[in-house]
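Every number in this text was worked out from the coordinates using simple rules, so none of it is lab data. Note that this is a predicted model, so its numbers are computed, not measured. Here Cβ is always computed from backbone atoms with ideal geometry, including for glycine, and neighbour counts include all displayed protein chains.
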Amino acid sequence: MVAAHDVFEILIREHEPRLRAYVSTLVRDSAAIDDLVQEAFVVAWRNLARYDRTLPFGPWIRGIGHKLCLAHHRKHQRSKLAFVGDDVMQHFDHLFAELDAHGGDTLQDELASLRVCFEKLPEHQQNVLRLHYEDQLDCGAIGQSTGRTREAVKKLLQRGRAWLGDCIAQRLAAMGLDAMGDGAAPSRGNA
């Protein structure tokens, strides 16, 4: 079972660039931007129990960032370099909301894509991936269990991960750009 802090670390890695871009549109001081982004994730961690997992994480974390930027603005309102105007802030809120309108932003979307893509892999490759990630066996143990060499197992894992990454990326892109798309997976090639 994956621990909450592990999932949160993944969410940080995925959403930190967009949160930083958002805060950078609202605050001009680079040190303050760093502090506000870090503080937004700390606040999110403390309030994670309140987060509705059926909704995209991006808007939620940017909402926290928005409130922190407002507090920063109130604290530094005399400094013209501390914050951009309200009209500009509203414009950027609108632009980021447009980005969020596309699918693929929730962990559920990513997991659903992983399941669909995983089912498209050959059964022997699914088995090797399950043994490695679910049963946490190393390549040597998987090789003994499946009658393959350690190197053959390493190649299957490498190809499977690469193919899954491409497939998931294509499915999520299709959700964001063409909701009616069939989400076709990449050709299997050597997978």
Among 61, 49, 26, whose Cα lies farthest out toward the positive end of the dipole of segment 20-70, if unit charges sit on the beta carbon of Lys, Arg (+1) and Asp, Glu (-1)? 49
Cα-based reach from residue 75 at 27 Å (exclusive), listing lysines while leaving out same-chain residues under 8 positions away: 67
Could you check the spin-label model distance between residue 34 and residue 71? Points 7 Å from the Cα along Cα→Cβ, value in nm. 2.0 nm
Given charges at beta-carbon only (K, R positive; D, E negative), |dipole| of segment 107-177 in Debye: 260 debye
Taking 0.36 nm per residue of sequence separation and subtracting the Cα-Cα distance, how much length would be gained by fully extending the chain between residue 48 and residue 136, in nm to one decimal? 28.9 nm
Computed over the Cα atoms of segment 107-177, the Rg and Dmax in Å are 13.3, 44
At residue 145 and residue 115, where each label point lies 7 Å from the Cα along Cα→Cβ, what is the point-to-point distance in nanometres? 2.2 nm
Cα centroids of segment 1-66 and segment 122-144: how far apart, whole angstrom? 34 Å
For the residue 123, residue 7 Cβ pair and Förster radius 41 Å, calculated FRET efficiency rounded to 0.05 is 0.90
